[in-house]
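Since the structure comes first, as C-alpha cells, the remarks are kept for the end.
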C-alpha cells in the first residue's frame, strides 16, 4: 500500500484456498495462481492490502474455509479496514452469505470477479450482450439472496457493491425472460458476423487468429503487425472484443489478422458458453498464432490451459480436429528474459518481442511459409478475352509461370484449396485445367 492511493480506493484482500498437496511444485503453483488473482483485482482498480494462500484440509460446506482461518481473516479485515474479500475459488451462494456475515464485509468469488472485469471492459454490442448473458446465468443460481450488490456506479456489474447501491429484486422468471431475449439478440449478432465471414470468403483473404493466455501480449503484437491502436496494457483482460485488420506478408499475400479475448485457467463456465461467437474467429482461422509469455514463471501451465480449451472446442465440433496443424507458437516477451537467443526457438516456434519488434520479420516469414505449405499448384489455360479470370488468379493466388499463346494464356498458379474451388466454380466453364 502506498501513501498516494486515493481516499475512495476500495481496499481488498485476495485469498487463495489451496488443496493440491500432492503436487511437487505446489508452492510455486500456488504463488503463481495467487499472483494472477491479485492481478485480476488490481486490473479494476482495487487496492490489494492483504493476500494469502490458505491450505484446505477439507472444503467446508458452510464457509469453504476452516473455522480458524475464518476467525483469522476476520481480524485482518478489521485491522486493515478491508471492504471486500476476494476468494479465488467458486463459492456456493450459502458459502458466500456465511462468509459475508462472519467477516462483516463484501465477499466475492473468482467467477464474480472475472465477470465484473468483463462487464467493465466489453465495448462492442456483441461483447456487452455476451457478458450480460454470462452475468445473468451466474446470478440465476444465486436467487437465494437479494441482489443488494448490483449497483452500476463503477461500471462492470457492481459485484463489489458500495455506497448508493440500488436494490434490484428479480425472480427466476424475469431473469429467464431476459436470458431468452439476450440469446435471441446474440444469435442476430452471430448471423451478422456470419455474413461478414461469407463476405471475406468471397474476397477472400486467409484469416490468422491470435490466441493465448490473458496478458500474453496479443494486442501488443496485433498493433505491431498492423499499425493499429488496439487497447494494450500490462493488465489482465485488456482485450475483450474481437478486432480484425488486414496485413501484407513478405510474399505480397494479404491476410486478415484477428485479435481475441485472452484465455485463463478456471474460466467461468458461463463465460465459455457466452463467448462462443468470439471463439468462432479461431474456428475460421487458416493459421492460429498461440502467443505465450515466456517471461512468466507459469508459462507452461498457461500453455496447457489454452490447449485444453482448444481441444474442448475440437471435441464439440467448434473447430476442426486437425487444428494443431494450423498452430504456430509465438514465444513473446523475449526482451524480459535476455533476448531471443536466451529463449531458443524450436520447430514450430518463433521467438519474438512484440514491444521491441525483435523477431517480427521471422514471424511474418513463418506465417508465409505455413500458408505456402497448404497451397496447391495448378495450371490453367485462360482465353485471351477472359481478363477477369486472369485478374482473379493474380489477386487471390501466386502466379509462378505465364505463357501467352494464340489460343490463350497458360498460367501456373499456387492457390489454397478453398480458393481453387472458388475459382473453378466461378470460371470453370471458360478455363481449362491442364492437370488432374
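A compact table of results
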read-out: Top-ranked residue of segment 20-32 - restricted to ones that are modelled with pLDDT of 80 or more and out of contact with any helix residue (DSSP H, G or I) (no Cβ under 9 Å at 6 or more places or on another chain), ranked as farthest from residue 90 (Cα to Cα); value: 31
read-out: Some residue of segment 388-403 being outside the structural domain of residue 251 (by TED's automatic domain parsing), in contact with a helix residue (DSSP H, G or I) (Cβ under 9 Å, 6 or more places away or on another chain) and over 22 Å from residue 251 (Cβ atoms); value: yes
read-out: Residue that is modelled with the lowest pLDDT [pool: residues in segment 253-263 that are part of a loop (DSSP other than H, G, I, E, B) and crowded, with 22+ Cβ neighbours inside 10 Å]; value: 261
read-out: Top-ranked residue of segment 400-436 - restricted to ones that are part of a helix (DSSP H, G or I) and in contact (Cβ under 8 Å) with a residue 60 or more places away in the chain, ranked as surrounded by the fewest Cβ atoms within 10 Å (Cβ to Cβ); value: 418
read-out: Qualifying position, being assigned by TED's automatic domain parsing to the domain that holds residue 290 and either at positive phi or in a loop (DSSP other than H, G, I, E, B) (or both), among 366, 354, 385; value: 354
read-out: Options 281, 270: the member that is buried (at least 20 other Cβ atoms within 10 Å of the Cβ), at pLDDT below 75 and in contact with a strand residue (DSSP E or B) (Cβ under 7 Å, 6 or more places away or on another chain); value: 281
read-out: Given (1) at pLDDT 90 or above; (2) out of contact with any strand residue (DSSP E or B) (no Cβ under 6 Å at 6 or more places or on another chain), number of the condition residue 407 does not satisfy; value: (1)
read-out: Candidate set from segment 123-165 (those that are at pLDDT 70 or above and not in a helix (DSSP H, G or I)); member that is farthest from residue 185 (Cα to Cα); value: 142
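The values are calculated or read from the model by the stated rules, or taken from the named source; none is laboratory data. This is a predicted model, so every value here is computed, not measured. Backbone-built Cβ (ideal geometry, glycine too); neighbour counts: all protein chains shown.
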